[in-house]
Amino acid sequence: MKPDISNSEAVVSVEIINGDALESLRGLPGECCDMCVTSPPYFGLRNYDVEGQIGLEESPEEYVEKLVEIFREVRRVLRQDGTLWLNVGDSYATRSGPQPPMNTRNKHGHTAKSVPVGFKQKDLLGIPWMLAFALRADGWYLRQDIIWNKTNCMPESVKDRCTKSHEYIFLLSKSPHYYFDAEAISEPIAGSSTKRYLQNIEAQKGSDRQPGKSNGPMKAALPRFGGEKYGESGKKEFKTKDGGVYVPTLRRNKRDVWNISTAHFDGGHFAVFPEKLALPCILAGSRPGGTVLDPFCGSGTAGVVAVREGRGFIGIEINPEYSEMSERRIKEAAERPKKEKRRRQVEDGQLPGQMEMKFEEDWE
Ligand SMILES: C[S@@+](CC[C@H](N)C(=O)[O-])C[C@H]1O[C@@H](n2cnc3c(N)ncnc32)[C@H](O)[C@@H]1O
């Protein structure tokens, strides 16, 4: 599919390629994408029932090697200032619980598990970091490990460790300096800081210090910049480090632990990631009108968010059923009135702060 999709703000191009990630990426021109957000199949977890699928390798090493080769092609098709946002989960070398017969899968797509060579039963495999280090060794800049805290994680019946409730999203870049719109994903500051910022400190009397201390009454503290401290300097404004006027804002840089519930999707795909997970990656990693890539696009969640945010999308998916599913979902997302959708998302508490503000402006 290669239609131009109008999402009422911009006309963006969407392409869904039904094929193997490595082969399909090799067919794309260099530097045609702004960013990549993706979630490859996890090691030894699910059987997607398609020849050539990733995830059913004999060993974690073989799995990592295959992904490094694929992400080398991703690096080639990214712009010089492009980023890769890679969601990957871990698993245990274990055979606990009822197992489906070998070479089959249960209703969740789970495959029979065997302990990989070099690991002991019950070992945590450590796949995310194995992959992150291998990608770094291959030339990527490993910039950050973001923790996806699954607020509604699956309960586990384990009694000898804690319940697993997180996954990683690695931020990797092609170059040391890259496009990153921190403001687009900034979040509201804590309530206590808001209260502090809104005080009229000059009008405060301040409380007495310990007996013996002579540096004046103690007033509420606000941030200090360029060596100047509000209250002591007598100036009404703060200075930035380079001498500009510092205006305290009610927003702060996004933190690296993201609290997001897992997605419920009845459309027949086992492992969709939540739209709320793809959204900050796409807003920070691409300009409006830019192109987002997902080489394991599954049901097309990254594409849905991309077109809704006025970005183009290239998705690659090996399973023909899933590529049809993603075409359908992306088309629907592009056709649905954008503002109505956003209003519903904010009302449902699905969208973080900066975006709420932006959307409120949109509706006025
Ligand atoms: C974890 S799912 C991605 C789900 C996606 N993020 C979503 O929200 O729907 C991984 C996808 O990779 C696909 N896949 C597996 N091996 C592949 C390969 N060699 N090339 C392209 N896609 C592949 C699977 O069919 C599956 O849909």
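No value in this document is a laboratory result; all are computed from the given coordinates. Not measured: the values here are computed from a predicted model. As a convention, Cβ positions derive from the backbone with ideal geometry for all residues, glycine included, and neighbour counts pool all protein chains shown.
Some values worked out for this structure:
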item	result
Of the GluC sites (Glu not before Pro) in region 36-84, those whose Cβ has at most 14 other Cβ within 10 Å and which sit in DSSP loop	51, 58
Summed residue charge, Cβ within 9 Å of residue 318's Cβ, Lys/Arg positive, Asp/Glu negative	-3
Added length on full extension, which subtracts the Cα-Cα distance from 0.36 nm per residue, residue 328 to residue 158	57.2 nm
Residue-span extension gain [residue 177 to residue 68] - 0.36 nm each, minus C-alpha spacing	37.1 nm
Cα centroid separation - region 132-182 against region 8-82, whole Å	17 Å
Region 248-329 - percent relative contact order, Cα under 8 Å, separation 6 or more	25 percent
Nonlocal amide H pairs with residue 123, under 5 Å, H built at 1.01 Å	93
Loop trypsin sites (Lys or Arg not before Pro), region 122-182, which have at most 12 other Cβ atoms in a 10 Å radius of their Cβ (DSSP)	159, 161
Neighbour-count ranking [beta-carbon atoms within 10 angstrom, fewest first] of 130, 218, 154, 35	154, 218, 130, 35
Which listed pairs, of 174/276; 66/159; 164/276; 122/150, have C-alpha distances above 30 Å, in listed order	66/159
